[in-house]
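K.L.:
Please see the structure below; I have some questions.
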Amino acid sequence: MSSLVIDNIGLLITNDPELGEGPLGKVRNAALVFDGGAVRAIEQPGAVADQRIDAEGRCVVPGIVDSHTHLVFAGDRSEEFAARMAGQAYEAGGIKVSTEATRSASRSQLTELTAKRRNEAIAAGITHTEIKSGYGLEVSSEKRSLEIASEFTDDVTFLGAHAVPSEFEGRSDEYVDLVCGPMLQACAPFSRWIDVFCEEGAFDLEQSRAVLEAGRDAGLGLRVHGNQLGPGPGVQLAVEMGAASVDHCTYLTEDDIEALAGGSTVATFLPATDFSTLQPYPDARRVIDAGAQVAIATNTNPGSSNTTSMSFCIALAVRELKMTADEALQAATLGGARALQRTDVGHLTPGARGDAVMLDASSHTDLIYRPGVPLIRQVFMAGVPASPSSGVGRELSEG
Ligand code: NIG
């Protein structure tokens, strides 16, 4: 593999305070050199490599790490979205509509839909993604979704406990037994993580705990959807069980914030979901000031957040969640990596994976200052310019 230099970078964000100024490790007037799929060095402009790309003074940031997506689904719920905008409330029950469509789709249709969304996300600067199942809700459909997800990432999450499917209506404990037993057994070999939607209308505290314990016994890392539609036990459960991340965190009490600050679980905000479901926005400022680790993610899914645009999420995080521009960019890069417990992505320290994004701007602040403008000029994955097909096939593993 030949080396490549991105030369004449006006502002390079490394996310490594040892390499530059402040928590973002900002380096002005730099060259970023990739070799063998990884970052080789940060040098002065004019550095030499086999290939050269001139950034002409633009800003280069670490590749975006999207730690929460549901890319494997079929069907369309735009009418539900339109009804919501006209005043109808968001309900977790909509998941079942996508479940019907996903079960009915062929494997090749689902793979093609997932590839299309992954390619859209790469064009939006998302160089590493997590992907969940959760629209199969039966053993073979969940397993199939995870097999498909594995073609696109090594951060695959088993989310059999996303909703109680219609055939188990009124028998949620029996469904939890299925998730913790035969479904987990079939799905664990394709998964790194297990997740549960701990929320009124989905799974209660004891059911959620049972799912997480079963996943942990099967060797999976833990993730939780919690506190999305109202206050609830999701955050405290996630922290107590040492989950890598608790996602949504729209409704947080002071006790929840204290628990997050005292634990190792990353609070992952999904602001495009609050936008799309007309929920209030969480106050990330309070969470950051309390000392907790935070991330932001797109939550790409057909019901509550049908977007692959992290730029949009970053803009919302600043405008509505009270993050600074620097905090929001870091939450979408290093924060996502931390939420996935990865050290190989989310920063541009020599040795890290060669994932970076050149913006059509002199600063990352333009992602908020120029909302809605396509500012992702060029995406680099594993040290090479990404092509539309970069989303197909497994990404590099850590280590
Ligand atoms: O993260 N919260 C649960 N799951 C998705 C919703 C998916 C849907 O409505 O289809 C979410 O928002």
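The values are calculated or read from the model by the stated rules, or taken from the named source; none is laboratory data. A quick note: this is a predicted structure, and the numbers were derived from the prediction, not measured. Here the Cβ is made from the backbone with ideal geometry for all residues, glycine too, and neighbour counts use every protein chain on show.
K.L.:
Looking at (1) in a strand (DSSP E or B); (2) within 30 Å of His248 (Cα to Cα), can you tell me which one Arg28 breaks?
P.N.:
Only one criterion in (1) in a strand (DSSP E or B); (2) within 30 Å of His248 (Cα to Cα) is unmet by Arg28, namely (2).
K.L.:
I need the full set of residues from the range 223-268 which are within 17 Å of Arg209 (Cα to Cα), more than 15 Å from the ligand (Cβ to nearest atom) and among the β-branched types (Val, Ile, Thr), in order please.
P.N.:
Listed by number, the residues that qualify are Val239, Thr265.
K.L.:
Another question, if that's okay. Test of understanding: among Asp247, Asp255, Asp217, which residue is surrounded by fewer than 18 Cβ atoms within 10 Å (Cβ to Cβ) and either closer than 16 Å to Trp193 by Cα or aromatic (Phe, Trp, Tyr) (or both)?
P.N.:
Asp217
K.L.:
Specify which of the listed residues (Gly383, Gly335) is closer than 20 Å to Leu19 by Cα and in the same structural domain as Arg118 (by TED's automatic domain parsing).
P.N.:
Values: Gly383 fails: in the same structural domain as Arg118 (by TED's automatic domain parsing).
Just a single option satisfies the conditions, and that option is Gly335.
K.L.:
For the range 8-30, does any single residue satisfy the condition of being farther than 21 Å from Phe312 by Cα, hydroxyl-bearing (Ser, Thr, Tyr), touching a strand residue (DSSP E or B) at 6+ places or on another chain (Cβ under 7 Å) and at pLDDT 95 or above?
P.N.:
yes
K.L.:
Output the helices (runs of 4 or more DSSP H) that fall wholly within the range 298-343 and possess 1 or more residues being within 16 Å of the ligand (Cβ to nearest atom) and aromatic (Phe, Trp, Tyr), or say none.
P.N.:
Numbers: elements: 310-319, 325-332, 334-339.
Where helices (runs of 4 or more DSSP H) fall fully within the range 298-343 and carry at least 1 residues being within 16 Å of the ligand (Cβ to nearest atom) and aromatic (Phe, Trp, Tyr), they are 310-319.
K.L.:
With the requirement that a residue be away from the ligand (no atom under 15 Å from the Cβ) and either surrounded by fewer than 24 Cβ atoms within 10 Å (Cβ to Cβ) or not assigned by TED's automatic domain parsing to the domain that holds Leu229 (or both), what does the range 185-203 give you?
P.N.:
Gln185, Ala186, Ala188, Pro189, Phe190, Arg192
K.L.:
Which one of the conditions (1) of a type in the set (A, V, I, L, M); (2) buried (at least 18 other Cβ atoms within 10 Å of the Cβ); (3) closer than 26 Å to Cys198 by Cβ does Val97 fail to meet, given that it meets all the rest?
P.N.:
Going through (1) of a type in the set (A, V, I, L, M); (2) buried (at least 18 other Cβ atoms within 10 Å of the Cβ); (3) closer than 26 Å to Cys198 by Cβ one by one, Val97 breaks only (2).
K.L.:
Still on this structure, I have one more. How about the range 132-188: which of its residues are touching a Gly at 6+ places or on another chain (Cβ under 7 Å), in contact (Cβ under 8 Å) with a residue 40 or more places away in the chain, over 18 Å from Asn301 (Cβ atoms) and not acidic (Asp, Glu)?
P.N.:
Correct list: Met183, Cys187.
K.L.:
Considering only residues of the range 1-38 that are aliphatic (A, V, I, L, M) and more than 20 Å from Glu56 (Cα to Cα), which is surrounded by the most Cβ atoms within 10 Å (Cβ to Cβ)?
P.N.:
Ranking the candidates gives Leu24 first.
K.L.:
Determine whether the range 270-279 contains at least one residue that is surrounded by fewer than 22 Cβ atoms within 10 Å (Cβ to Cβ), over 17 Å from Gly335 (Cα atoms) and without any contact (Cβ under 8 Å) to a residue 60 or more places away in the chain.
P.N.:
So far as the range 270-279 goes, yes, one or more of its residues are surrounded by fewer than 22 Cβ atoms within 10 Å (Cβ to Cβ), over 17 Å from Gly335 (Cα atoms) and without any contact (Cβ under 8 Å) to a residue 60 or more places away in the chain.
K.L.:
Shifting gears a bit: Filter the range 39-51 down to the residues that are surrounded by 14 or more Cβ atoms within 10 Å (Cβ to Cβ) and either free of Cβ contacts under 8 Å to residues at least 40 places away in the same chain or outside any strand (DSSP E or B) (or both) and list them by number.
P.N.:
Glu43, Pro45, Ala47, Ala49
K.L.:
Residues that are on the phi < 0 side of the Ramachandran plot and within 12 Å of the ligand (Cβ to nearest atom): find the helices (runs of 4 or more DSSP H) completely inside the range 52-167 holding 2 or more of those.
P.N.:
Correct list: 78-85, 95-104.
K.L.:
Just give me the residues in the range 360-386 being farther than 17 Å from Thr308 by Cα and either among the small types (Gly, Ala, Ser) or assigned to a loop (DSSP other than H, G, I, E, B) (or both), in sequence order.
P.N.:
Answer for the range 360-386, where residues must be farther than 17 Å from Thr308 by Cα and either among the small types (Gly, Ala, Ser) or assigned to a loop (DSSP other than H, G, I, E, B) (or both): Asp360, Ala361, Ser362, Ser363, His364, Thr365, Arg370, Ala382, Gly383.
K.L.:
In the range 278-297, which residues are in contact with a strand residue (DSSP E or B) (Cβ under 8 Å, 6 or more places away or on another chain) and within 16 Å of the ligand (Cβ to nearest atom)?
P.N.:
Of everything in the range 278-297, those that are in contact with a strand residue (DSSP E or B) (Cβ under 8 Å, 6 or more places away or on another chain) and within 16 Å of the ligand (Cβ to nearest atom) turn out to be Pro282, Ala295, Ile296, Ala297.
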